[in-house]
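Report on the structure given below.
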Amino acid sequence: MRLFTVVAGVLAASYAAVVPRMTAEELAAQSERIVHGEVVRSRVAWDSEHKYIWTHYEVAVTEMVRGPHAATITVSEPGGSLDGVNMQTSGTLPFTVGEDTVLFLYRTPIGYWRTVGGPQGKYTVSAQGRVRADSQGIAYAEPAGGRRPGTPLAGFEGIPASDFLARVRRLVAAHPYRGGR
């Protein structure tokens, strides 16, 4: 019985870090907001029911690629430490104050903005001006029958941010927001 519990725990932990692989077209179509900006601060708070802890990251908007312009947008990740309670969840994305980032976002049912496709919806812009996907250590579930047609997100890795944003703008023009995740 103990072996089953350990195996089940390992499977549950690994399952939480598995996400369906998306194409660039899917990422664009499922993003209600696409934001380029800098993470300027973070705060930790309980949800409205005082049941779960969330860490909220305020992003100063440099460019709103999709969605109405806003000076800032707050992106939320489950987990954090508050009131002597530490809550951690597998698969949450790290954000760092001062980080230059491009985010593909959807609104959760409780009103928080989160990244589409988990880590696939967050790109960091390096000091050299190149984009890097924030999806290290994540396993991808491939669709039945192999990969779907579309542009693999891996093609964005390491390109200049200006080229990346130009490609994203073309994707936005060609793939209107259609909701869902």
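The values are calculated or read from the model by the stated rules, or taken from the named source; none is laboratory data. Computed from a prediction, not measured in an experiment: that's the story for all the values here. Cβ placement follows ideal geometry from the backbone for every residue including glycine, while neighbour counts extend to all protein chains displayed. Remember, those area values only see protein heavy atoms, side chains included, never the ligands or the DNA or RNA. Shrake-Rupley method; radii C 1.70, N 1.55, O 1.52, S 1.80 Å.
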**Study point:** Selection within segment 142-174 - more than 17 Å from the chain's Cα centre (by Cα) and acidic (D, E)
**Key:** E142, D163
Study note, to complete from the structure: Within segment 48-67, of all residues that are assigned to a loop (DSSP other than H, G, I, E, B) and touching a residue at least 24 places away in the same chain (Cβ under 8 Å), the one least open to solvent (accessible area, probe 1.4 Å) is G67
Review point. Which of (1) under 25 Å from H56 (Cα atoms); (2) open to solvent by 50 Å² or more (accessible area, probe 1.4 Å) does E142 not meet, given it meets every other one?
Key: (1)
Review point. If you check every pair at least six apart or on different chains, which have Cβ atoms under 8 Å apart with a residue in segment 141-167 that is in a strand (DSSP E or B) first and a residue that is open to solvent by 40 Å² or more (accessible area, probe 1.4 Å) second?
Key: A141/V18; A141/P20; A141/R21; P160/R130
Review point. Hey, any hits in segment 111-124 for a residue that's among the hydroxyl-bearing types (S, T, Y), modelled with pLDDT of 90 or more and part of a helix (DSSP H, G or I)?
Key: no
Study note, to complete from the structure: Flagged in segment 27-47 as open to solvent by less than 20 Å² (accessible area, probe 1.4 Å) and either free of Cβ contacts under 8 Å to residues at least 12 places away in the same chain or out of contact with any Phe, Trp or Tyr (no Cβ under 8 Å at 6 or more places or on another chain) (or both), in numbering order, are V35, G37
Review point. If we keep just the residues of segment 68-111 that are touching a residue at least 40 places away in the same chain (Cβ under 8 Å) and over 24 Å from T23 (Cα atoms), which is surrounded by the fewest Cβ atoms within 10 Å (Cβ to Cβ)?
Key: G98
